[in-house]
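Asker: My questions will all concern the structure given below.
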Amino acid sequence: MDSLTINAENAYGIGRMEHTFRFLDKAGKLHRCIAVYAPNGTCKSSLRKSLEQWSKGSEPEDFFFSNRKSIFNLTTYPDDSLSRESVFCFESMRALEASRFFDDALLAAPKLKEQHLAVLQKHRGQLADLLA
């Protein structure tokens, strides 16, 4: 994928947006990652929500003007090969406030952490029994 074009209209507060992210530098070298940074209040959350809805096969909506038609689509070049399943969206920081890192790599809500550790402990016990 050389580029990704996002076209959005009336999507979670985005009035109208069309932008192409280019994954090739000036020398034509391909890069696989782009980070989006913007000050607070400049549509990052709206873009994330729209991407998340698109990845789940749903259309975004406009909460304030529900009678307006919402549009959100992604187009890749040179082929339109981006699958919805390959798009992952991080939750906003406010949504992650109750989550914590553990095992130096996994971010999870406390309840999910408890479930994960219980399963891990059970499997370790079963492995120890098997090896004994």
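Asker: With every protein chain left in place and a probe of 1.4 Å, what is the accessible surface of V36, to the nearest 10 Å²?
Answerer: The accessible area of V36 comes to roughly 80 Å².
Asker: I would also like to ask the following. How charged is the neighbourhood of K122? Take every other residue with its Cβ under 14 Å from the Cβ of K122, and add Lys/Arg as +1 and Asp/Glu as -1.
Answerer: Net charge in that neighbourhood comes out at -1.
Asker: From the phi angles alone, apply the Karplus equation (6.51, -1.76, 1.60; θ = phi - 60°) to the stretch 8-16 and give each ³J(HN,Hα) in whole Hz, x where the residue is Gly or Pro.
Answerer: Karplus values, whole Hz, x for Gly and Pro: 9, 8, 6, 10, 6, x, 7, x, 7.
Asker: Which of H31, H19, H116 moves the most in a Gaussian network model of the chain with Cα springs under 10 Å?
Answerer: H116
Asker: Measure off, as a whole percent, the carbon and sulfur share of the 1.4 Å-probe accessible area of the chain, all protein chains present.
Answerer: On the chain, the fraction of accessible area on carbon and sulfur atoms equals 55 percent.
Asker: Continuing with this model, one more query. Per residue of the stretch 125-132, what does 6.51 cos²θ - 1.76 cosθ + 1.60 with θ = phi - 60° give for ³J(HN,Hα)? Whole Hz please, x for Gly and Pro, Karplus curve as stated.
Answerer: x, 5, 5, 4, 4, 5, 6, 6
Asker: Kindly report the accessible area of the chain per residue (heavy atoms of protein chains, probe 1.4 Å, no ligands, DNA or RNA), in Å².
Answerer: Using a 1.4 Å probe on heavy atoms only, each residue of the chain averages 77 Å².
Asker: Helix 44-55 versus the longest principal axis of the chain: what is the Cα-based angle in degrees, 0 to 90, to the nearest 10?
Answerer: 80
Asker: Here is a follow-up. Going down the table (K49/K111; K44/K111; K44/K69; K26/K69), which pairs top 31 Å between alpha carbons?
Answerer: K26/K69
Asker: So how far, in whole Å, is the C-alpha centre of the stretch 1-22 from the one of the stretch 64-81?
Answerer: Cα centroid of the stretch 1-22 versus Cα centroid of the stretch 64-81: 7 Å apart.
The values are calculated or read from the model by the stated rules, or taken from the named source; none is laboratory data. The shown structure was predicted, so the numbers you read here are calculated from the model rather than taken from an experiment. Every residue, glycine as well, gets a Cβ built from its backbone with ideal geometry; the counts of neighbours run over all protein chains shown. To get the accessible areas, we keep the full protein, side chains included, count just its heavy atoms, and leave off ligands, DNA and RNA. Shrake-Rupley method; radii C 1.70, N 1.55, O 1.52, S 1.80 Å.
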